[in-house]
Amino acid sequence: MNWLTSLNAHLSRWAMYIAVACLLGIVGVVVGSVIWRYILNDAPSWSEQVALVLVINVAMFGAAAGVRDAGHIGMESLIGLLPKVYQFWIGNLVGLITICFGISLVWGCSMMADSVWDNKMPTLGISEAFRYIPCIAAGVLIILFSIEHLIAMFTDKEVIPSWH
């Protein structure tokens with residue numbers, strides 16, 4: 001488990017770095033677009049598409065890092081009232097459902113990326129598949145992070161968040 005914890009901590013950190021960099025990119029693209037449009041009177045055609053791709057990256061990599069650090073939405077207050085045995089099994093059920101979600105994300109987005117690989121984003125000239133690649137990567141990360149949480153529950157250990 002030590003190698004998985006170390007790997008996941010690094011992957012989670014990098015996922016958050018990518019999300020933050022893309023968030024800064026969104027700010028730069030939107031501010032630049034406003035300046036071009038209203039000050040220079042020349043709106044860039046590519047800014048909306050770039051911002052949309054960056055938003056997808058922020059959402060997907062941020063969500064994956066949230067799964068690793070147990071920052072996802074849960075019913076902690078309700079589950080906390082249950083006996084420890086039920087907390088254990090509900091935690092495992094949540095982990096398994098999260099793995100199923102990650103598998104669905106990887107599979108569905110792989111199918112979508114494959115189906116649009118030959119299509120180009122009109123203003124960028126790159127494949128439409130680039131909208132789905134971050135989702136595939138985030139799905140793989142969610143699966144890895146959920147497996148780590150399940151192993152930690154069965155070995156009675158705690159997953160230490162990658163930011164501490």
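The values are calculated or read from the model by the stated rules, or taken from the named source; none is laboratory data. Quantities reported herein were computed from a predicted structural model and do not represent experimental measurements. Cβ coordinates were reconstructed from backbone atoms using ideal geometry, including for glycine residues, and neighbour counts include every protein chain displayed.
Being farther than 30 Å from Thr155 by Cα, surrounded by 12 or more Cβ atoms within 10 Å (Cβ to Cβ) and touching a residue at least 60 places away in the same chain (Cβ under 8 Å) narrows it down to one residue among Val20, Val29, Val50; which is it?
Going through Val20, Val29, Val50 in turn, the sole match is Val50.
Criterion first (at negative phi, of a type in the set (Lys, Arg) and touching a residue at least 24 places away in the same chain (Cβ under 8 Å)) does Arg37 satisfy it?
For Arg37, the condition - at negative phi, of a type in the set (Lys, Arg) and touching a residue at least 24 places away in the same chain (Cβ under 8 Å) - is not met.
Identify, please: which residue in the range 81-98 is farther than 17 Å from Ile147 by Cβ and surrounded by 15 or more Cβ atoms within 10 Å (Cβ to Cβ) and is, among those, farthest from the chain's Cα centre (by Cα)?
Gln87
Is it the case that Ala64 is aliphatic (A, V, I, L, M), part of a helix (DSSP H, G or I), at pLDDT 90 or above and under 30 Å from Ile151 (Cα atoms)?
For Ala64, the condition - aliphatic (A, V, I, L, M), part of a helix (DSSP H, G or I), at pLDDT 90 or above and under 30 Å from Ile151 (Cα atoms) - is met.
Give Leu124, Leu105, Leu141 a once-over and let me know the one that is farther than 21 Å from Ser6 by Cβ, touching a residue at least 60 places away in the same chain (Cβ under 8 Å) and touching a helix residue (DSSP H, G or I) at 6+ places or on another chain (Cβ under 9 Å).
Of the residues listed, the single one that is farther than 21 Å from Ser6 by Cβ, touching a residue at least 60 places away in the same chain (Cβ under 8 Å) and touching a helix residue (DSSP H, G or I) at 6+ places or on another chain (Cβ under 9 Å) is Leu124.
Ser127 is checked against (1) closer than 15 Å to Ile56 by Cβ; (2) modelled with pLDDT of 95 or more and fails just one. What number does that condition carry?
That leaves (2) as the condition not met.
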